[in-house]
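Chemist: Supplied in structure tokens, the structure appears directly below.
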Amino acid sequence: MKETKKENAEKLPRFGGQIGFVLSSAGCAVGLGNLWRFPYLAARDGGGIFVLVYLILAVTFGYTMLMTDIVIGRKTGRSAIGAYENIHRRWKLVGILVFIIPALVMSYYGVIGGWVTKYTTLFLTGHIAEATQEGYFTEFITDPGAPAVYGIVFVFLTLLIVLGGVKDGIEKSARIIMPALAVMMLVVSVFALTLYHTDEVTGEVRTALQGLKVYLIPDFRNLTAERFFQILLDAMIQLFFSLGIAMGIMVTYGSYVEKKVDLNRSVNYIEIFDTGIALLAGMIVVPTTFVFYGIEGMTSGPGLLFISLTNVFHTMGNMGTVVGTAFFFTAFFAALTSSVSIYEAVVANCMEIFHVSRKKASIVLFFIYCGTTVLISLGYSIFYFELPLPNGAQGQLLDIIDYFSNSFMMPLVSLLTCILIGWVVGPSFVTEEIEVSGLPFRRKRMYVFMLRYIAPAMMAVLFLQSTGILKMLIGYG
């Protein structure tokens, strides 16, 4: 005999309240992308132009997709696969795709988390000079053993938090980590704005405030329609990944939220926290890198965090060691909270699919992800190869999995979700759930319009761009 919806809801773990839900969800949203990709894109894409476009997208597109995921979870009381099947039996496949995404992301997230753990350890033990040696980062990631060990340690720390459950593990850690992360970011950003440096070759004095202008003031020079389209796509992709949309995480977290919680306010807080951390990261990274290397010193991806910024902190002397340690602690916390959220999404689905306990699902997955962490870390050494990707990039093992899960599957899943909620079952599926607490949904008209028309169009364009189809169609890129 099937369990009733009420019986199933009673068995669900719950967040302690709105604060616990918001901080846990913010922990998912705030990740390494906030610390290295957002500042790099802001510096590359005309400073304030990118920031302005990003903020507009955050309160429209980001809000719409984030709210949709959370409501799907709370209304169905299920994780991804069960939630989509509950909405419409024929759409269970979309739920399976949503489950696959975090399962794939977690397979390599331990590797990146291991890199952060390694550098945090270097700063804590006073080995910052060692980390600044030319080629050090490359030598580290191409070592067959060390990256795997640090990665396994990182996955183990993730396991310990997830084993504690929703309230005593995820929520309790978020209540400590997220405020600490915000305070550290604020302190480091204020210090960063006091920096200045005299170039030994040109004699030019560069200040952090000049770097702040590069970061925040729009640069409309050479702004063509094609370049603006690129900025729009960059901002959309960054927002997409930053909020964890289409990864099943917010669906899972939504299923843990009590009906009395005001989703309007909660989603606003989550977005404010995530965007605030990204803006603070930019206030640290862009001015600091500008002071010592100029705007040309901005690099994308891991190079910005593990090479450029590490060298900057070393140049600052003893104070740099203190600030660098605080910064990498922040990066470690950001990586860990995101890892916990991704891991929890996979665990929750496995508990539903296989009808096993949290402990059993978590431990089995730990050994699986230890294996994938070792395998993917060896993709930089023993199993190294390069493969051209449809988006024009060259990738090895980690890049290939990242591309398939993030650039291919996530836009596709979001597009299908918009069609399901916007057109198949109707927006009332979401709007009625938001108003169940008795509070009005003030952004209802904007939400419905975005869900049915704008978000699907944006997702279609993003999918075509990431797969290389857009370039073939219109010669873009």
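The values are calculated or read from the model by the stated rules, or taken from the named source; none is laboratory data. Remember, it's a predicted structure, so these values are computed and weren't measured experimentally. Counting neighbours? That spans all protein chains shown, and the Cβs are built from the backbone with ideal geometry, glycine included. To get the accessible areas, we keep the full protein, side chains included, count just its heavy atoms, and leave off ligands, DNA and RNA. Shrake-Rupley method; radii C 1.70, N 1.55, O 1.52, S 1.80 Å.
Chemist: Can you give the FRET efficiency for Tyr136 and Ile419, using 1/(1 + (r/R0)^6), R0 = 41 Å, r = Cβ-Cβ distance, to the nearest 0.05?
Modeler: 0.30
Chemist: Can I ask one more? Once you order the gyration tensor axes a ≥ b ≥ c over the Cα atoms, which shape class does segment 121-217 get: rounded for a/c under 1.5, otherwise prolate or oblate by comparing a/b with b/c?
Modeler: Note, shape of segment 121-217 comes out oblate.
Chemist: Now for a separate question. Please state, rounded to one decimal and in Å, the Kirkwood hydrodynamic radius that segment 226-382 gives when every pair of distinct Cα atoms enters the mean of 1/r. Could you put the intermediate results ahead of the total?
Modeler: Values: mean 1/r = 0.0527 Å⁻¹.
After inverting the pairwise mean of 1/r, the radius is 19.0 Å.
Chemist: While we're on this one: Going 7 Å from the Cα of Val205 toward and past its Cβ, which residues in segment 266-292 have a backbone nitrogen under 16 Å from where you end up?
Modeler: Within reach of a label on Val205: 291-292.
Chemist: Within straight cross-link reach of Lys444, meaning Cα distance under 19 Å, which aspartates and glutamates are found once same-chain residues fewer than 8 apart are removed?
Modeler: Straight-line reach from Lys444, under 19 Å: Asp69, Asp262, Glu271, Glu432, Glu433, Glu435.
Chemist: Compactness ratio of segment 223-300: Cα Rg over 2.2 N^0.38 Å, N = residue count?
Modeler: Details: Rg = 17.1 Å, N = 78, 2.2 N^0.38 = 11.5 Å.
Relative to the rule-of-thumb radius for its length, segment 223-300 sits at 1.49.
Chemist: Okay, moving on. Roughly what angle does helix 63-76 make with the longest principal axis of the chain, taking Cα atoms, 0 to 90 degrees, to the nearest 10?
Modeler: Roughly 40 degrees between the two axes.
Chemist: Which ³J(HN,Hα) values in Hz, rounded to whole numbers, follow from the phi angles of segment 419-435 under the Karplus curve 6.51 cos²θ - 1.76 cosθ + 1.60, where θ = phi - 60° and Gly and Pro get x?
Modeler: Those phi angles translate into 5, 4, 6, x, 10, 7, 9, x, x, 4, 4, 8, 4, 5, 5, 5, 8 Hz.
Chemist: Right, another one. May I ask for the Kirkwood hydrodynamic radius of the chain, worked out over all distinct Cα pairs and given in angstroms to one decimal? Mind dumping the intermediate values first?
Modeler: On the way: mean 1/r = 0.0438 Å⁻¹.
Final number for the Kirkwood radius of the chain is 22.8 Å.
Chemist: Using the Karplus curve 6.51 cos²θ - 1.76 cosθ + 1.60 with θ = phi - 60°, what ³J(HN,Hα) values do you get for each residue of segment 438-447, in whole Hz, with x for Gly and Pro?
Modeler: Per residue, the Karplus-derived 3J(HN,Hα) values read x, 9, x, 9, 5, 9, 4, 4, 4, 4 Hz.
Chemist: Which value in Å is the Kirkwood Rh of segment 350-440 over different Cα pairs?
Modeler: Hydrodynamic radius (Kirkwood, Cα pairs) of segment 350-440 is 17.2 Å.
Chemist: Could you work out the mean projected area of the convex hull around the alpha carbons of segment 303-347, in square nanometres to one decimal?
Modeler: So the mean shadow area of the Cα hull is 3.3 nm².
Chemist: Here's a follow-up. What FRET efficiency do you get for Phe367 and Leu186 if R0 is 30 Å and r is their Cβ-Cβ distance, rounded to the nearest 0.05?
Modeler: The pair Phe367/Leu186 has a calculated efficiency of 0.15.
Chemist: Tell me the angle of helix 358-377 to the major Cα principal axis of the chain, expressed in degrees between 0 and 90 and rounded to the nearest ten.
Modeler: Compared with the principal axis, the helix lies near 40 degrees.
Chemist: How much accessible surface area, in Å² rounded to 10, belongs to the heavy atoms of Ser308 with a 1.4 Å probe?
Modeler: About 10 Å², ignoring ligands and nucleic acids.
Chemist: Let me ask something additional. Can you tally the net charge around Ser466? Count Lys and Arg as +1, Asp and Glu as -1, for every other residue whose Cβ sits under 14 Å from the Cβ of Ser466.
Modeler: It works out to a net charge of -2.
Chemist: Please give me the summed charge of the neighbours of Ser362: other residues whose Cβ is under 15 Å from its Cβ, Lys and Arg +1, Asp and Glu -1.
Modeler: After counting each charged neighbour, the total is 0.
Chemist: Using only the Cα atoms of segment 396-477, what do you get for the radius of gyration and for Dmax, in Å?
Modeler: 16.3, 51
Chemist: Once fully extended, how much extra length lies between Arg221 and Lys259, figured as 0.36 nm per residue of separation less the alpha-carbon to alpha-carbon distance?
Modeler: Roughly 8.7 nm would be gained on extension.
Chemist: Checking the a/c ratio against 1.5 first, then a/b against b/c, what shape does the Cα gyration tensor give for segment 302-401?
Modeler: oblate
Chemist: Can you give the FRET efficiency to the nearest 0.05 for Ile382 and Leu160, using r as the Cβ-Cβ distance and R₀ = 41 Å?
Modeler: So the FRET efficiency works out to roughly 0.90.
Chemist: Express the C-alpha Rg of segment 7-87 as a ratio against the empirical globular expectation 2.2 N^0.38 Å, rounded to two decimals.
Modeler: Dividing the Cα radius of gyration by 2.2 N^0.38 Å gives 1.43.
Chemist: Determine the per residue accessible area of the chain with all protein chains present and a 1.4 angstrom probe, expressed in square angstrom.
Modeler: For the chain, the solvent-accessible area averages 41 Å² per residue.
Chemist: Further question: Taking the Cα atoms only, what angle lies between the long axis of helix 318-354 and the longest principal axis of the chain, rounded to 10 degrees?
Modeler: 20
Chemist: Near the amide H of Gly395, under 5 Å away, which other amide H atoms are found, from residues 5 or more places off or on another chain, if H is placed in the peptide plane?
Modeler: Under 5 Å from the amide H of Gly395: Leu387, Leu389.
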